[in-house]
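Read-outs throughout are calculated quantities, based only on the coordinates presented, and are distinct from any laboratory measurement. Everything numeric in this text was worked out from a predicted model, so none of it was measured. Here Cβ is always computed from backbone atoms with ideal geometry, including for glycine, and neighbour counts include all displayed protein chains.
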Amino acid sequence: MNCDKKDLLLYAVTDRHWLDGRRLIDVVRESLDGGVTMVQLREKTLEEEKFLEEAKELQALCRERGVPFLVNDNVEIAREMNADGVHVGQSDMEALDVRAILGPDKILGVSAQTVEQAVLAEKHRLQGRCRRRELRHAESHLPSCLHPSRCHRRYYTAER
């Protein structure tokens with residue numbers, strides 16, 4: 001699946017802390033009804049079996065709606081379930097290793113909290129024909145009232 005600019009208009013990242021007793025699938029459905037254009041399942045505390053179960057349920061909903069579905073951090077689950085892509089942070093697997101596992105057609109998101117990490121993500125982008133989307137501003141563009149550690153860039157790529 002290629003990542004298009006329209007897929008990044010309203011990007012939802014799940015967070016169980018905001019469910020307030022509701023089921024995740026219902027909240028994601030409401031989000032899709034409200035215009036979400038991409039969904040990332042980010043559940044750091046779920047056991048792998050439960051994570052996979054929820055991931056498959058959300059993936060089915062997203063496919064029904066024509067919205068890309070990404071898995072956070074777990075490259076093997078993303079590969080196993082044929083997710084549209086994966087997002088990894090700096091403490092996860094290297095982006096080039098992720099690309100080798102998932103192949104050239106999957107969406108790959110990488111967080112970058114420093115200028116050096118952003119430059120490295122750019123270099124990865126240049127190795128294929130990729131698209132980059134900045135979701136938050138880099139340090140050089142921050143208002144003086146914001147601390148740089150609270151902002152980062154995410155790069156979403158899919159070779160064309």
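Before moving on, here are some points about what is shown:
- Between residue 114 and residue 20, the contour length at 0.36 nm per residue exceeds the Cα-Cα span by 30.5 nm.
- Taking amide H as placed 1.01 Å from N in the peptide plane, residue 10 has its amide H under 5 Å from the amide H of 37, 38, each at least 5 places away in sequence or on another chain.
- Annotation for residue 101 and residue 79: the two label points, set 7 Å from Cα along the Cα-Cβ direction, are 0.6 nm apart.
- Size of the range 1-105 as Cα extents on the principal axes (Å, biggest first): 37, 32, 22
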